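Values in this text are rule-based calculations from the coordinates and carry no lab data. As the structure is a computational prediction, the values presented were derived from the model and not from experiment. Cβ sites come from the backbone with ideal geometry, for glycine too, and all protein chains shown count toward neighbours.
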Amino acid sequence: MEIHFRHDDSRLDTMYMGNNVTLNQLREFVKKSPVGNIDSVVIVSHSSPEGVWRHNQNLSRRRALTMRTYIENEHPSLLPVLRVNPGGESWSQLRECVRTDTLLKKKSIERVLNIIDDNSVSIETKKWRIENDPVYRYLYSKYYPRIRNSMMAIFYSYGEPMSSLEEVLPKPVKFETKTPLMHIDIPRMETIESHETLQLHDTLTFALKSNVLYDLVTAVNAEVEVPIGNHWSAAVEYVFPWWEKGNKYCLQTLELGAEARYWFNNNTYYAKKLQGMFVGAYCMSAKYDFQWKRNPAYQGEYWSAGVTYGYAMPISRRFNVEFSLSVGYLSSTYRHYIPADDYSELWRDKNKQGRVGYFGPTKLKVALVMPLNIKYTKGGRR
């Protein structure tokens, strides 16, 4: 199995290059396979061979740490047989991609393979030559995203579960990194264990929203939602259109609402935050003034509380869309007023005022969501 990473990023984005499909396959495999039948799980993480070599080695190590953390959180039963290693720059993968390419001309393939296999130059020279080759842009766009990966191999047996995992556990996997691709001696890389510590970049996620349905009727609104843990979030919404036109038209609302939500997805990783199905409980309060010529022409205040059901999904790399429906109880005081024939004045109608209660749908939302991800550094487990 292969898990892919974005350029210069060690975070696990489940929506990138089919990662969600691969992780679902892993989940189904672990669910169906007795743990005693799994001999070992080996993960080797890579970085693509462009840029500074030392930075890429560290990036490879951070990606290995990300994969170990994922297994530790999602599949703790695999920890006794897990071996995770950084594999450095993925030169061998690049070579295989070029060798088996069906679109490049034979001369171009031979030229690039000669550059990769040339043992007489330094790694920096090798990179410089590839980056100045006529087919580099093609290679970079087609293959480099594929080789920024973590490759996972699961060794297992059929039949009855083994009596003891200790009998089949392999010794810690040691990946020798001296290869004919370069003249740099890279130290032997050790298996990443959980008791070690490492500084890593994590992500704090929150989202800015606007209800498009409100926007269509010029009801300006904004909402902020913050995830809490893996399943919960809290949102605060403010609706504030405040305009009128010559005692003839008026749309004035000051509404403040809050909602607590439970998300059914296990949102351990930043890319999955605030996505999927959710249920929530909300409360809100507002004052209003609505007028369209002579009818309606009402002022008042209201409050409402109830439950929400919805679904959110990504529509691009930077934006999500959210659909939700709220049902609850709404109580409102109201006061009716009447405009003069020429709309020069407004008069209060004392015969039409009071309080009304209502139970049913209270909010319909189609919201445009912009998640904001802020990197910060904390102590991690390795």
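Please give the contour-minus-distance gain from THR333 to PHE290: 0.36 nm per residue of separation, less the Cα-Cα distance, rounded to one decimal in nm. Can you show the working numbers first?
On the way: separation 43, 0.36 × 43 = 15.48 nm, distance 1.33 nm.
Extending this stretch completely gives an extra 14.2 nm.
What is the fewest-to-most order of HIS7, HIS231, HIS46, HIS75 by other Cβ atoms lying within 10 Å of their Cβ?
On the way: HIS7 12, HIS231 15, HIS46 26, HIS75 18.
Ascending number of Cβ neighbours within 10 Å: HIS7, HIS231, HIS75, HIS46.
Rounded to the nearest 0.05, what FRET efficiency do SER92 and VAL52 give with R0 = 22 Å and r taken as the Cβ-Cβ distance? Could you check? Before the final figure, lay out each step's value.
On the way: r = 20 Å, r/R0 = 0.90.
Once the sixth-power term is evaluated, E becomes 0.65.
Express in % the proportion of alpha carbon pairs of the stretch 204-381 at distances exceeding 30 Å.
On the way: 4833 of 15753 pairs.
Across the stretch 204-381, Cα pairs with separations above 30 Å total 31 percent.
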message: Please compute the modelled spin-label separation between SER157 and VAL279, points set 7 Å along Cα→Cβ, answer in nm with one decimal.
response: 4.6 nm
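Of all chymotrypsin sites (Phe, Trp or Tyr not before Pro) in the stretch 259-341, which ones are in loop regions per DSSP and have a Cβ with at most 15 other Cβ atoms within 10 Å?
Values: sites: TYR262, TRP263, PHE264, TYR269, TYR270, PHE278, TYR282, TYR288, PHE290, TRP292, TYR298, TYR302, TRP303, TYR309, TYR311, PHE319, PHE323, TYR329, TYR334, TYR337; in loops: PHE264, TYR269, PHE319.
Sites meeting the loop and neighbour criteria: PHE264, PHE319.
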- line: Two pseudo-spin positions, 7 Å from Cα along C-beta at MET370 and at ARG146, lie apart in nanometres by 3.6 nm
message: What distance in nm separates the two pseudo spin-label positions at ASN37 and TRP303, each 7 Å out from Cα along the beta-carbon direction?
response: 5.9 nm
Gained length - ASN73 relative to THR100, 0.36 nm times residue gap less alpha-carbon distance: 6.0 nm
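Using per-residue counts of other Cβ atoms within 10 Å, averaged over each peptide, order 146-155, 237-246 from highest down. Could the numbers behind the result be given before it?
Values: 146-155: 18.7, 237-246: 14.1.
Going by the mean number of other Cβ atoms within 10 Å, highest first, we get 146-155, 237-246.
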- request: List, in the order given, every pair from LYS31/LYS209; LYS126/LYS273; LYS31/LYS365; LYS293/LYS363; LYS273/LYS365 whose Cα-Cα distance in the structure shown is over 31 Å.
  value: LYS31/LYS209; LYS126/LYS273; LYS31/LYS365
task: Give a residue-ordered list of calculated ³J(HN,Hα) values for the stretch 248-256 (Karplus: 6.51 cos²θ - 1.76 cosθ + 1.60, θ = phi - 60°; whole Hz; x for Gly, Pro).
output: 10, 10, 7, 9, 10, 8, 10, 10, 10
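Grab the beta carbon distance between GLU131 and ARG318, set R0 = 30 Å, and tell me the FRET efficiency rounded to 0.05. Could you put the intermediate results ahead of the total?
Details: r = 29 Å, r/R0 = 0.96.
Computed FRET efficiency for GLU131 and ARG318 comes out at 0.55.
How much length is gained on full extension from HIS231 to LYS245, taking 0.36 nm per residue of separation minus their Cα-Cα distance? Mind dumping the intermediate values first?
On the way: separation 14, 0.36 × 14 = 5.04 nm, distance 4.54 nm.
That pair, HIS231 and LYS245, stretches by 0.5 nm at full extension.
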query: Quick one: which of 86-96, 361-371 comes out on top by average Cβ neighbours within 10 Å, and what's the full order, highest first?
result: 86-96, 361-371
message: Through the Karplus equation 6.51 cos²θ - 1.76 cosθ + 1.60, θ set to phi - 60°, convert the phi angles of the stretch 220-228 into ³J(HN,Hα) values in whole Hz; use x for Gly and Pro.
response: 4, 8, 8, 9, 10, 10, 10, x, 10
